[in-house]
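What follows draws every value from the coordinates through simple rules; no lab data is involved. Every value quoted in this text rests on a predicted model; they were computed, and no experiment measured them. Cβ coordinates were reconstructed from backbone atoms using ideal geometry, including for glycine residues, and neighbour counts include every protein chain displayed.
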Amino acid sequence: MAEEIKSIVAAAVPGRRHPRSNLPTAAEDSGSYTEPARCPNRKRGETAAHIALKRLALLWAQSRGYSVCAFEVQLPRCRFRADLAAYRPNGKEIGAAAIFECKQAFPDLRRDNGCSAVTAKRLEKVFQRRQVLEKNLRIHYPALRIPDSLFSDFDSHNFAAIEHRGYARVLRELSALQNRLFDCTKFERLIRYRCANLFFLVVSNRLFREPEIPFGWGALIESEGELVLARKPLWNDVTSANRLKLLERIAAAGTRLLNKQSEITFDDVCAARNRACP
């Protein structure tokens, strides 16, 4: 098994994925989009406070035995990227994996902390309200019908023409709930997808609110330049294949960063490969 782990790390060399895999990653899910940091190596849109939290999380993880770490790791089995992913070796056995998400502003924290069950229930009620409104509007405003189908029962209606405020409000809420259901449940989905054994939310002291920490996540609070464990995370059983896959992603992210620091591009790798294999 140890040899298998070594082969996976060695396989995470540049050039074996899409050419864009060696380019700097976008500032998705970074949790900060204000107060730009004056740092030449920072991600676009990342703040100084967010960078500081990531550094503290990296230091905390390594001090707890998670010696294999990388920033901005694309997680397996989902479309999300972790601020920091870490792996703790366990001799000849497959080790444990942990994910750290850093948040330095309330809007960013609450954006990813939605509950799909509550949102879906509210979405169903709003959708039913929309159906009732459209049924009544068809009766009271027959002129809104657009004869665009073979059968009149399937004709469309231009409800926007009358500028009904209640109907417009329902449409806005419906759109917001749909976006929240599909784009604002990151914390819940990472637990559900079993992306790692442990999950940690890293926040500043002023952001910590015990009820707002997502279920199953641990809480690391920044205090006087150090992280303090305010709540322990729940352990998640993850298959060996998924942990090895995350280890591979960590190795690939580390290679991308090393290439960037060494100013090695994908074209350089392709040229070297062609010279080695004529």
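With no solvent and one equal point scatterer per Cα, compute the Debye intensity ratio I(q)/I(0) for the range 200-278 at 0.12, 0.25 Å⁻¹ and report its log10, rounded to two decimals.
These q points yield log10 I(q)/I(0) values of -0.64, -1.05.
For a protection proxy built on the mean count of beta-carbon atoms within 10 angstrom, sort 167-174, 213-220, 225-232, 139-146 highest first, please.
213-220, 167-174, 225-232, 139-146
Is there a pair in K92/K260; K54/K232; K92/K186; K121/K186 whose C-alpha atoms are over 29 Å apart, and which pairs would that be?
K92/K260; K92/K186
For the range 235-243, what does the Karplus curve 6.51 cos²θ - 1.76 cosθ + 1.60, with θ = phi - 60°, yield as ³J(HN,Hα) per residue in whole Hz, taken in order and with x for Gly and Pro?
Computed from phi, the couplings for the range 235-243 are 7, 10, 6, 10, 5, 4, 4, 5, 5 Hz.
Can you give me the distance in nm between label points at A48 and W235, each placed 7 Å from the Cα along the Cα-to-Cβ direction?
4.2
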